[in-house]
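So the structure is just underneath, and the comments pick up after that.
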Amino acid sequence: MGLELYLDLMSQPCRAVYIFAKKNGIPFELRTVELLKGQHHSDAFAQVNPLKKVPALKDGDFTLAESAWVLAAKSSKADPSWLHGANAWRPPWERTSFRRHMQLS
C-alpha cells in the first residue's frame, strides 16, 4: 500500500498538502474526510489519527497528523529543487548569527 492522504479540500491546510503533492508529482491515494458531516469524529478515523484532525498522512504503519509535518514528510519524497533559493526569502536578521554581530562591534 502506498501513501494515503486523509483530507477535506474545504480545509486550507488540507488544500496546501494536496496542492503540494500534485505539484511535486508525489503519488498518493486520496481519502476524503468530510468535516461538515463530522467524519473526523468517527471511530474509523480515530484509528488513523487519535487527535481526529485533518490533514493526516499514512504511509504503511507510519502516520502523521499535523499539516506542517505532513508537508515536511512529503517534501522528502519530492524533488528537492523547490527548496533552492529558500535562503533569499529569510529576513536579513535571520541570515547572520548573533555571534557574528557581536564580533563586528
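The values are calculated or read from the model by the stated rules, or taken from the named source; none is laboratory data. Every value quoted in this text rests on a predicted model; they were computed, and no experiment measured them. Cβ coordinates were reconstructed from backbone atoms using ideal geometry, including for glycine residues, and neighbour counts include every protein chain displayed. The accessibility values were calculated without ligands, DNA or RNA, using every heavy atom of the protein model including side chains. Shrake-Rupley method; radii C 1.70, N 1.55, O 1.52, S 1.80 Å.
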By accessible area with a 1.4 Å probe, ligands and nucleic acids excluded, highest first: order of Lys53, Lys23, Lys37: Lys23, Lys37, Lys53
Restricting attention to the stretch 1-65, which GluC sites (Glu not before Pro) occupy a DSSP loop and are surrounded by at most 13 other Cβ atoms within 10 Å? Glu34
Between Phe62 and Gln12, how many nm apart are label points set 7 Å from Cα along the C-beta direction? 2.9
Quick check: residue separation of Lys23 and Ala46 times 0.36 nm, minus the Cα distance between them. What number comes out in nm? 5.4 nm
